[in-house]
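Chemist: Below are the structure tokens for one structure; questions will follow.
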Amino acid sequence: MMRRRRGPSLLVTAAVVGTAAHVGASSANKQAAAQQNAQAAAQQDAQQSQQLAEQSAQIAALQAQQAAPAAPAAPAAPALDPKSAELQNLASLHSQGVLTDEEYAAAKAKALGI
């Protein structure tokens, strides 16, 4: 007579082993994803810290510029009276060759009211 084997069947054992392998792999994947997320968060924190330091340096430089006394403004050029401006314009045209000697003399006499 054949004795019947007691305990779980071969199929039950295979199902239990397969489930355990799946759970183990899933757990390993979750741990790997958690590590990647932690590394990404650390890199992002480092970038934000660097940006904050750069912005702080820029703010300090701008505040230093504002605190520094302003350089005195250059004195304004004296305003020319209309006759002087006209004579300078005529001299410029004469030196460029636009006006002949005769035209320059006539325009100069007219500007001076002679």
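Chemist: Determine which residues of segment 95-114 fall in the zone a paramagnetic label at GLU86 would reach in this model, i.e. backbone nitrogen under 19 Å from the point 7 Å along Cα→Cβ.
Modeler: 95, 99-114
Chemist: Modelling each spin label as a point 7 Å along the Cα-to-Cβ direction, I'd like the GLN63/TYR104 distance in nm, to one decimal.
Modeler: A separation of 6.1 nm, rounded to one decimal place.
Chemist: Step through the residues of segment 53-67 one at a time and calculate ³J(HN,Hα) from phi using the Karplus curve (6.51 cos²θ - 1.76 cosθ + 1.60, θ = phi - 60°), rounding each to whole Hz and writing x for Gly and Pro.
Modeler: 5, 5, 5, 5, 5, 5, 5, 4, 5, 5, 5, 5, 5, 5, 6
Chemist: Could you pull out every residue, at least 5 positions away or on a different chain, whose amide H is within less than 5 Å of the one on LEU99? Hs are placed 1.01 Å off N in the peptide plane, and Pro or chain starts have none.
Modeler: Distant-sequence amide H within range of LEU99: HIS94.
Chemist: For segment 104-112, take each phi angle, set θ = phi - 60°, evaluate the Karplus expression 6.51 cos²θ - 1.76 cosθ + 1.60, and give the result in whole Hz per residue in order, putting x for glycine and proline.
Modeler: Rounded to whole hertz, the list is 5, 4, 5, 5, 5, 5, 5, 5, 7.
Chemist: Cross-link candidates for LYS83: which lysines have Cα within less than 27 Å, leaving aside residues fewer than 8 places away along the same chain?
Modeler: Within reach: LYS108, LYS110.
Every read-out reported here was derived from the displayed coordinates using simple, explicitly stated rules and does not represent laboratory data. It should be emphasised that the depicted structure is a prediction, and the values quoted were computed from it without experimental measurement. No Cβ is skipped: glycine too gets one built from the backbone with ideal geometry, and neighbour counts run over all protein chains shown.
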